[in-house]
Amino acid sequence: MKLERQRFGRYGALMVLLCVATFGGVTIAAPYVPTSDSAPLETLATRINDSARGGASNAPAASGPSSRAMRTLLARDPKNLDLAVRIAQVYMARARSESDPRFLGQAQAALTPWWSQSEPPVPVLLLRATIRQSNHDFKNSRLDLEQAVKREPNNAQAWLTLATVQQVTGDIKGAADSCNKLLPLTARLISTTCIAAVDGARGQAAKAFDSINAAMAEPESARGANVGVRTWALTLQAELADRLARPVDADRLYRASLALDSADAYTVAAYSDFLIDVGRAKEVLALIPAATRVDTLLLRRAIAAKISASPDAAQAEADLTQRFAASRARGDRLHLREEARFVLAVKNSPDEAVNLALDNWTVQKEPLDARIALEAAVAARKPKASREVVQWVVSNQLQGDKLGQLVSQARAL
Amino acid sequence: MMRRAILTLATIAWLCFTPLAQAHKASDSYLSLKVEGAKVTGQWDIALRDLDLVLELDRNADSVIDWSEVRSRHAEIAAYAMQNLDLQSRGSACPITIGDQLIDTHSDGAYAVLKLAATCRENVEALTVNYRLLFEADAQHRGLLKLETPGKGSSDSPHVVSAVFPADHGTQSFTLASGSTLAQLGTYIADGVKHIAIGFDHILFLVALLLPAVFTREGRRWVPVVDFRTALWSVLKLVTAFTIAHSITLSLASLDVVRLPSRLVESLIAASVLATALDNIWPFLPRKRWLVAFAFGLIHGFGFASVLADLNLPSSSLVLSLLGFNIGVEIGQLILVAIVVPLAYVSRSSTAYPRFALQTGSVVIAAVSLGWLLERSLNLQLMPF
């Protein structure tokens, strides 16, 4: 009954058929009628153009009309490609700056007239690929991007996104080729950081670190690069420093990146992982507010709270349990990596964590994915489970003390 | 070069350099329905953020939705919700009314809770839900349905079915466990017949299997059978072997004892049609055709199971549905046999039959199934059906 169905459409896999009297185990408090008219019920994420969002507001339409006004325009003229692409780009920027996947669905809705075309205009291809990537549909994302670079070999965005997808799915060689295509097309900081990310995943972290230093020093980078690019470069450099066992540099670079954009969820998460690793879990509790909406950050907070025996550990655990259940209830499999970490580090169930981590490994193959798979396999004492991952780490010469230790531990099982 | 570089830097900003860190999940609404007799009651939880997207709840644009901004818009919220949900029983609509509206909190924020009620014309045995909420504004929105029917006895626990409505699957039907056993059985039988009627691969397999049933094989030649009884006997053996085989795997798969990936199953089904058709032209399979029917029947059973799984059956009536669906499949097959076998028998002695019906027919079936095989095994889109 749990056969994956293909002939009957994608929805088949979404059908939750078993007789489970829950919405994924979410306990729902009784509905109520607020007693006061002014009772605030929901805070909407700040509209991108309503207030200065500091570093994060680098959306193309940051100075244009509000997204609401644009949507009204599009409703009157839904086949207006330029308008639809602009709106979708605004939504993508918001999905990123607010870490909110709702905007991905809104971007997709704006692109409805072109969404199912096999050869839509290139700007639509790029957006569709990015949305598909965010939904972990890496295969179709890649097909879109390969089509885009074929039709527009000078499209830097297409090459860069392709490199990202290739790297996430473990195609290191393909990612390197795509990054190299960027060299003549874009600012040096972008192509350098692209290649550095690849090099960092194939045993050349030191070289990658130095290359970013050199690119940063160029005046062009200081003038041309927006905050997003520099944050990306600095955070990658911090990760590389960590892998090279240079914790002082890593700490400095993470802070430099956060000074540019304190709201960048990727950087906050990476820095938190670093802090937890070096025994500074308490600082994570100050870095990430308890009320964060971002699951990846709440996960770090929950782990840190557990390690430092903080009183709000139980609350963070309960919140996350609920959120993972809600994701599962809608049929999402987007948070396997995070869920594996949660199950291992907070729930302390290594066996369950191994299954989640290995499911995740079939989809994503970044250093973090390798790490959680090995951690779980070691904790559950399942050498067989870790074999493929160990092989991958070794053959790609993935660096880092933690990973190295885990590989030895996994081999000793 | 310099200018282009800077331009790229500015326009590239919306891109994900690093994978997106996602807050909670995408948009869902939670629809709980309870069916009792002809009445449907329930509640529908819709996120305030989603309602704001389509109805602009935040009138004062302070980025906070307060109770007055919701309360004053109750009529519009109810109207919007009713426009986007239809319930049907036996082809006629069950009009929905929205009652009280409350507030609740889910893992990703505050939701409007709409109490709803609907009355169908007669007792509901199968409910069709057409869900359209928000899809035009958010393509990744999903409706999460929990459908409850009371148990048969007063002490029985209620039956609950869960289903997800994504944008490309907004209409789904549910056979309820509360209908009389006979009525339910009837629905499952109809489902089974329908599946044979629209399952081209099963039809072609049976046709390929039945085409030579009015012959016996002598060496490499087909010789017409002497009487109808011989033909009927060989058909009976074939159909029985196929039925027993697919019943076994249908049950095993439905009870979750054996699981095979659908791509493999669908590819093997195509391969079985291809092999049977080719065998009619150049015999290479075992001479005992019922053995072939049995072996391939095992594969087709897995295919039937995925159809059954798509019908949203309550697991409490799994045995009943298995039985009904299987009977339906049998009836569908017998109808096909009743059409094909007499025709084949009557025309068996004409010189045209071996050449046109058997040879050409088998070539056509082989070609179609080869298309399916390539399409399914390589995950392509080749075939119009």
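The values are calculated or read from the model by the stated rules, or taken from the named source; none is laboratory data. Values in this document were obtained by computation on a predicted structure and should not be read as measured data. We place every Cβ from the backbone using ideal geometry, glycine too, and count neighbours over all the protein chains shown.
Points to keep in mind about this one:
- Positions within segment A:271-297 being more than 9 Å from every other protein chain (Cβ to nearest Cβ) and under 21 Å from A:P101 (Cβ atoms), in sequence order: A:S272, A:I288, A:P289, A:A291
- Residues (more than 12 Å from every other protein chain (Cβ to nearest Cβ) and either touching a residue at least 40 places away in the same chain (Cβ under 8 Å) or closer than 20 Å to A:A263 by Cβ (or both)) located in segment A:298-315: A:R301, A:A302, A:I303, A:A304, A:K306
- Taken as a whole, the condition of being under 19 Å from A:Q108 (Cα atoms), of a type in the set (G, A, S) and in a helix (DSSP H, G or I) does not apply to A:A175.
- Scope segment A:327-382; condition at pLDDT below 90 and small (G, A, S); matching residues: A:S327, A:A329, A:G331
- Positions within segment A:187-227 being closer than 21 Å to A:D273 by Cβ and within 20 Å of the chain's Cα centre (by Cα), in sequence order: A:T193, A:A196, A:A197, A:V198, A:D199, A:G200, A:A201
- Within segment A:328-354, the set of residues being in a helix (DSSP H, G or I) and free of Cβ contacts under 8 Å to residues at least 12 places away in the same chain comprises just one member, A:E352.
- Test: A:W159 is more than 9 Å from chain B (Cβ to nearest Cβ), surrounded by fewer than 24 Cβ atoms within 10 Å (Cβ to Cβ) and of a type in the set (A, V, I, L, M, F, W, C): no
- Selected residue (criterion: nearest to the other protein chains (Cβ to nearest Cβ)) from residues of segment B:123-177 that are surrounded by 22 or more Cβ atoms within 10 Å (Cβ to Cβ), in a loop (DSSP other than H, G, I, E, B) and at pLDDT below 85: B:A177
- Selected residue (criterion: farthest from B:S173 (Cα to Cα)) from residues of segment B:35-93 that are part of a loop (DSSP other than H, G, I, E, B) and of a type in the set (A, V, I, L, M): B:A61
- Among the candidates A:A340, A:A353, residue that is more than 17 Å from the chain's Cα centre (by Cα), of a type in the set (A, V, I, L, M) and closer than 30 Å to B:D28 by Cβ: A:A353
- Scanning segment B:250-266 for residues being in a helix (DSSP H, G or I) and over 18 Å from the mean Cα position of the chain (by Cα) gives a total of 1.
- Hey, A:L189 outside any loop (DSSP other than H, G, I, E, B), without any contact (Cβ under 8 Å) to a residue 24 or more places away in the chain, buried (at least 22 other Cβ atoms within 10 Å of the Cβ) and of a type in the set (A, V, I, L, M, F, W, C) or not: no
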